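I have placed the structure first, in the form of structure tokens, so that the comments after it can refer back to it.
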Amino acid sequence: MAYFIVQGGKKLKGSIKVNGAKNGALKSLAASLLFKDEIKITNVPRIEDVFRAEELLRKLGCEVAQKNGVVTVNPEKIKTASLDPEIAKRFRASIVFIGPLLARKGNASFPHPGGCVIGKRPIDLFLEGWRAMGSKIEETKNGYTLSAPRLMGCDFTFRNISVTGTETLMMTATLAKGKTILRNAASEPEISALAKFLNMCGAKIKGAGTHAIEIQGTGGRPLEAKGKTMQTIPDRIEAGSFLALGALLGDPLRITNCDPEHLEVPIQTLKAMGVPLKKGESWIEVSSPKKLKSVDIKTREYPGFPTDLQSLFALLLTQAEGESLVHETVFEGRLNYAEDLNRMGAKITVCDLTRALVRGKTPLRAREIESPDIRAGLAFLGAALIAKGESRINNIYQIDRGYERIEERLNKLGAEITRVNS
Ligand code: EPU
């Protein structure tokens, strides 16, 4: 198992480029199953979850090739509608592949998806949506089997907003017969980007990026890319993670190839904390201020404060003067990093499953810690970067799931992180 050795206390100075969005690229890879011909996806990050998605497609019979972040998928020879359980269990987005697969093949089977342990993460909303489109669903001891020789459009309301639920049902409806309306849909930028590309290839999707999406299905006819390319949008969570690191250690840190419009609430939060910040159309520059002010954070669906930045901003709040309340409203198990930060010297009181009180400013001490999930893993890397002394971060597979070669990129800015493959 690989781990990082981190020497704390080094400033970060210079420019860092943001990669393509993990949570965009994974859905484009799934969308390839809606097509008759080859699709090309550019700006795909080379991260573990993407490797798993590519393996999943290959197991289904697709041809997948990659060069310099440009991935081509040819789905002409799909031979099975069952997801490989061992691969599917390793990442949550595996469930997104089921929507297009069901629409394309009329049946699909899959295990309960895995992914970050940040809450219960049920799939009831997906099942309700597929049932509303006419799919039969059988729950087996190993997972689920769906069958729908003819998927019908429907008027479906999500009881809770779900990002992957919206993407999955939007793709299922793309090949269904008739009109589907998805209400109380998620509005993340990755969803509008996906809909825009599908529309370029013959889909009829209106309203993506709002809470009501209308899809006129093709009645089973697959989409045709005819050489068109899906460009992955910049990863707003990676950019936001770099913003937090810049606020902690930036001297200054310039974040390029990003879309500041996708980060308005985190940017406003940093401003309220007194972080010096400049931005242009595709870059943001941050420096670490002498003094950080406390603020309260409440996570929300887009465009609210992203849950995926909650742990990193909580780390930042340990360095702010005063008390801050962190309220996680999206997942009920996403404060599990607090205990480890406390062992490093932070003063975080977890009030209940969703709220924590952070008291600052507290210097952090180096330690050996274990990454529990992608984002808390990066928060621990940030903690090690500001702590006094040498830290060790174990289970960095979790960090590699979402951030490409993070140590090399941060070392170029002045960090001292060594990857040890044991
Ligand atoms: N939910 C249900 N039933 C469902 C689906 C979701 O109750 O059938 C609940 C969840 O338990 C949660 C809430 O709805 O309480 C919202 O979850 P959502 O479905 O929106 O999350 P997701 O689609 O599983 C995606 C990202 C996450 C990100 C969330 C929220 C992907 C692959 N994952 O997850 O990303 O945190 O949206 O923005 O797109 C990450 O990148 O580290 C990550 C965890």
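For the reader, a short list of remarks on this structure follows.
- Here is the result for region 385-422: no GluC sites (Glu not before Pro) lie in DSSP coil with at most 11 other C-beta atoms within 10 angstrom of their C-beta.
- Descending by average beta-carbon neighbour count within 10 Å, the peptides 78-84, 381-387 line up as 381-387, 78-84, the highest first.
- Here the 3J(HN,Hα) profile of region 408-416, calculated from phi with Karplus coefficients 6.51, -1.76 and 1.60 at θ = phi - 60°, is 4, 5, 6, 5, 4, 9, x, 6, 10 Hz, Gly and Pro shown as x.
- Nitroxide proxy distance, nm - points 7 Å out along Cα→Cβ at residue 349 and residue 107: 5.7
- Fraction of beta bridges assigned by DSSP in the chain that are antiparallel (%, nearest 5): 70
- Stokes-Einstein diffusion coefficient of region 279-328, Kirkwood radius over Cα pairs, 10 °C, 1.306 mPa s, in µm²/s: 130
- Those trypsin sites (Lys or Arg not before Pro) in region 158-201 that DSSP places in a loop and that have at most 10 other beta carbons within 10 Å: 159
- For the chain, adding -39500 (n - 2.57) for each run of n ≥ 4 DSSP H residues and dividing by the number of residues yields -8500 deg cm²/dmol at 222 nm.
- In this structure, the amide hydrogen of residue 177, modeled 1.01 Å from its nitrogen in the peptide plane, lies closer than 5 angstrom to those of 151, 152, 153, 219, counting only residues at least 5 positions away or on a different chain.
- Long pairs among 17/361; 27/293; 17/59; 79/228, criterion Cα-Cα beyond 28 Å: 17/361; 27/293; 17/59
- Length added when fully stretched, residue 271-residue 332, from 0.36 nm per residue minus Cα-Cα: 19.2 nm
- Computed extension gain for residue 200 through residue 59, at 0.36 nm per residue and net of the alpha carbon distance, reaches 48.0 nm.
- The phi torsions of region 46-62, fed into the Karplus equation with coefficients 6.51, -1.76 and 1.60 and a -60° offset, translate into couplings of 8, 10, 4, 5, 5, 4, 5, 5, 5, 5, 4, 5, 4, 5, 6, x, 7 Hz, rounded to whole numbers, with Gly and Pro shown as x.
- Estimated FRET transfer efficiency (residue 339, residue 231; beta-carbon r; R0 51 Å; 0.05): 0.80
- Long pairs among 291/388; 271/298; 89/298, criterion Cα-Cα beyond 21 Å: 89/298
- The 3J(HN,Hα) values that the Karplus relation (6.51, -1.76, 1.60; θ = phi - 60°) gives for region 194-210 are, in residue order, 5, 4, 4, 5, 4, 5, 5, 10, x, 6, 10, 10, 10, x, 4, x, 10 Hz. Gly and Pro appear as x.
- Beta bridges per DSSP, both residues in region 87-206: antiparallel share near 65 percent.
Bear in mind that the values in this text are calculations on the coordinates, not laboratory data. Given the structure is predicted, the values throughout are model-derived calculations rather than measurements. Methodologically, a virtual Cβ is constructed for each residue, glycine included, from the backbone with ideal geometry; neighbour enumeration extends over all protein chains shown.
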